[in-house]
Amino acid sequence: MIVNLSQQHSLISNWISEIRDVSIQNDRMRFRRNLERIAEVIGYEISKKLEWENTEITTPMGIATCKTLKEQPILATILRAGLPMHNGLLNYFDKADNAFISAYRKHNADGTFEIALEYMASPEIDNRILIVSDPMLATGSSLVKTIQFIRNEGHFKELHIACAIACTVGIEYVRRSEPTATIWCGDIDDEITAKGYIVPGLGDAGDLAYGVKLQS
């Protein structure tokens, strides 16, 4: 299932407009915070799909029956660009377990690149709900490889993908690999460049959030 939240939430559409805007992007704190807020809304929407149970809570005045999450999800993100969205999800799923994966484009001399994965820190995955965040779903290659990398540690029972901006090409690539996943997008663009950048997109989310990196 694909959910484009810009069609439902005026606030997300507003935050998307700001992270795209070259006149605002030089404010790194604002850029990170907008990604975080987009993820908070996505986390809230995901929570509606999760199972709840009745729990008796002791208050100073007696016993209250409250609905609480039946189980906590695992929040996974791709370093470094995914950290602001991961923080947003963690603000809402504050008891969740967390996984961190290094995945990056390893550039070749001819201008091509490969997806390199070198590190993962993860809790037990088996039969858990997994939420993977990455601000840009472009070609989908790094995301699919990341999910396959996570599968080496166990088999999750449910998959949600949270991104700020996705490209239709990347969405279809992910759906072919993960047909049961739900993809939650702040917005969807239709064009991608030969170098794998979304158009109009917003540029490089990692660089905008944390500063320009050296290519390797």
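The values are calculated or read from the model by the stated rules, or taken from the named source; none is laboratory data. What you see is a predicted model; the values in this text were computed from it and never measured. Positions of Cβ are generated from backbone atoms using ideal geometry, with glycine treated the same way; all protein chains shown enter the neighbour counts. For accessibility, only protein heavy atoms count, side chains too; no ligands or nucleic acids. Shrake-Rupley method; radii C 1.70, N 1.55, O 1.52, S 1.80 Å.
Tabulated data
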quantity: In the stretch 1-21, residue modelled with the highest pLDDT [restricted to those that are in a helix (DSSP H, G or I) and open to solvent by 70 Å² or more (accessible area, probe 1.4 Å)]; calculated: 14
quantity: Residues being open to solvent by 30 Å² or more (accessible area, probe 1.4 Å), closer than 30 Å to residue 180 by Cα and not in a helix (DSSP H, G or I) - total across the stretch 22-54; calculated: 6
quantity: Test: residue 164 is farther than 20 Å from residue 16 by Cβ and either without any contact (Cβ under 8 Å) to a residue 12 or more places away in the chain or within 15 Å of the chain's Cα centre (by Cα) (or both); calculated: no
quantity: Qualifying residue in the stretch 92-101 (condition: within 24 Å of residue 115 (Cα to Cα), open to solvent by 40 Å² or more (accessible area, probe 1.4 Å), in contact with a Pro (Cβ under 9 Å, 6 or more places away or on another chain) and not in a loop (DSSP other than H, G, I, E, B)); calculated: yes
quantity: Single residue of 203, 186 found to be at pLDDT below 95 and within 29 Å of residue 8 (Cβ to Cβ); calculated: 203
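Okay, residues lined up against (1) under 14 Å from residue 103 (Cβ atoms); (2) touching a residue at least 40 places away in the same chain (Cβ under 8 Å):
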site: 130; (1), (2): no, yes
site: 133; (1), (2): yes, yes
site: 146; (1), (2): yes, yes
site: 155; (1), (2): no, no
site: 168; (1), (2): no, no
site: 177; (1), (2): no, no
site: 180; (1), (2): no, no
site: 183; (1), (2): no, yes
